[in-house]
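Heads up: the structure comes next, in structure tokens.
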């Protein structure tokens, strides 16, 4: 959801009539579940935010900001001087300029955040993160306070180094004029930015901008999204034709071989369930479990051997990034034609129960039969066998009284 934030809106799910944290009285939650989802991030600053005395503001030009120190596991709150600057010519305007030099030992690069990719939400105010441009090459040490944030989400994260500060600005304009005190809702957005920057994961807004061409795709929802958020296994979505998935993605060898090339990208886990320790509600399976996405990425490359250090397991196996902490996965057709949930369901079933069995036979899993050759297995993974699989699944759905009105994938 992309509606502006208000004081009674849940920071996690955006529902209204939310209640504020009793300690910091800043971040709002609609339920205990959402509060637990935010807690691994929220706890890093809640106590310090509660104890920070707003009455000790040095001057009216100082605003409450966040310092991410290099050598501590928790961020700190600081007073940041944001001096008002008068216009220098008729094209300029009066504005506040944050002085980051005392904290960064240099003037930092300012990155404005006005959209939270993880929560798929537009922000009503701007949040800025400021850091030295050269922190990867100037000998800066890894930032431990940011490591405490990135440790809450499995996967690869950017190598944040050196001190970093964050502060707020009023409104979502291109270049806001006025600075403001940062709050705990802002901290959630900052944490999501730090977690998602440079990651191999993504979070795609449910609705693309109105002026962009729309492409129909499918989310293969993981166990966490199905159980906690009541999402369907295969969910229809719309993306912009310019979405990042068309530039940064992975592909499926099986889909390409049968003539339906697709692009895939994993999503960030939803904060509501990302840090749940008790997996009882998931029947002791990982909430990141997404077997359909795993089997979709089985390798058909006969020449590639196993290289565990690079996550490559070889012919017949999915790479390690598609076996561990997979989570929800977005899928689109490479040709940008519509991809529908029923089509995705059949493709995943074909990969899981037909293609995988053919590949398993080459590995000797059907003894006492001698393993078939890889070439023979590949010959059995083709458009005709997928077409047979398609009509078989359609007939099974008809017998169960289930809807099966999706068009044949090759006729789209």
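The values are calculated or read from the model by the stated rules, or taken from the named source; none is laboratory data. Bear in mind that the values here come from a model prediction, so they are computed numbers and not experimental data. Here the Cβ positions follow ideal geometry from the backbone for every residue, glycine too, while neighbour counts run over all protein chains shown.
Some points to look at:
- Selected residue (criterion: modelled with the lowest pLDDT) from residues of the range 244-263 that are in a strand (DSSP E or B) and surrounded by fewer than 22 Cβ atoms within 10 Å (Cβ to Cβ): 250
- When residue 75 is tested against (1) without any contact (Cβ under 8 Å) to a residue 24 or more places away in the chain; (2) within 24 Å of the chain's Cα centre (by Cα), just one condition goes unmet, and that condition is (1).
- Subset of the range 105-115 that is exposed (fewer than 15 other Cβ atoms within 10 Å of the Cβ) and assigned to a loop (DSSP other than H, G, I, E, B) - its residue that is modelled with the lowest pLDDT: 107
- Top-ranked residue in the range 126-172 [being in contact (Cβ under 8 Å) with a residue 24 or more places away in the chain and at positive phi; ranked as surrounded by the fewest Cβ atoms within 10 Å (Cβ to Cβ)]: 171
- Looking at 327, 316, just one residue is part of a loop (DSSP other than H, G, I, E, B), touching a strand residue (DSSP E or B) at 6+ places or on another chain (Cβ under 7 Å) and closer than 22 Å to residue 250 by Cβ, and that residue is 327.
- Criterion violated by residue 231 - all others in (1) touching a helix residue (DSSP H, G or I) at 6+ places or on another chain (Cβ under 6 Å); (2) crowded, with 20+ Cβ neighbours inside 10 Å satisfied: (2)
- For first residues located in the range 96-122 and on the phi > 0 side of the Ramachandran plot, partners that are modelled with pLDDT under 80 and lie 6+ apart or on another chain with Cβ distances below 9 Å form the pairs 120/1; 120/2; 120/203; 120/204; 120/205; 120/206; 120/207.
- The number of residues in the range 164-194 being more than 15 Å from residue 121 (Cβ to Cβ) and modelled with pLDDT of 85 or more comes to 18.
- The one condition in (1) part of a loop (DSSP other than H, G, I, E, B); (2) surrounded by fewer than 14 Cβ atoms within 10 Å (Cβ to Cβ) that residue 44 fails to fulfil: (2)
- Within the range 396-407, at least one residue is surrounded by 14 or more Cβ atoms within 10 Å (Cβ to Cβ), at pLDDT below 95, at negative phi and assigned to a helix (DSSP H, G or I).
- Residue 269, sole failed condition from (1) surrounded by fewer than 21 Cβ atoms within 10 Å (Cβ to Cβ); (2) outside any helix (DSSP H, G or I); (3) on the phi < 0 side of the Ramachandran plot: (1)
Matching residues to (1) assigned by TED's automatic domain parsing to the domain that holds residue 386; (2) in a helix (DSSP H, G or I); (3) in contact with a helix residue (DSSP H, G or I) (Cβ under 7 Å, 6 or more places away or on another chain):
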residue	(1), (2), (3)
265	yes, no, yes
277	yes, no, no
287	yes, no, yes
295	yes, yes, yes
299	yes, no, yes
304	yes, no, no
338	yes, no, no
344	yes, yes, no
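- Restricting 118, 127 to those that are modelled with pLDDT of 90 or more, touching a helix residue (DSSP H, G or I) at 6+ places or on another chain (Cβ under 6 Å) and under 15 Å from residue 195 (Cβ atoms) reduces the list to 127.
Condition check ((1) surrounded by fewer than 18 Cβ atoms within 10 Å (Cβ to Cβ); (2) outside the structural domain of residue 181 (by TED's automatic domain parsing); (3) in contact with a strand residue (DSSP E or B) (Cβ under 8 Å, 6 or more places away or on another chain); (4) closer than 30 Å to residue 238 by Cα) across all residues:
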position	(1), (2), (3), (4)
12	no, yes, yes, yes
33	yes, no, no, yes
38	no, no, yes, yes
53	yes, no, no, no
72	yes, no, no, no
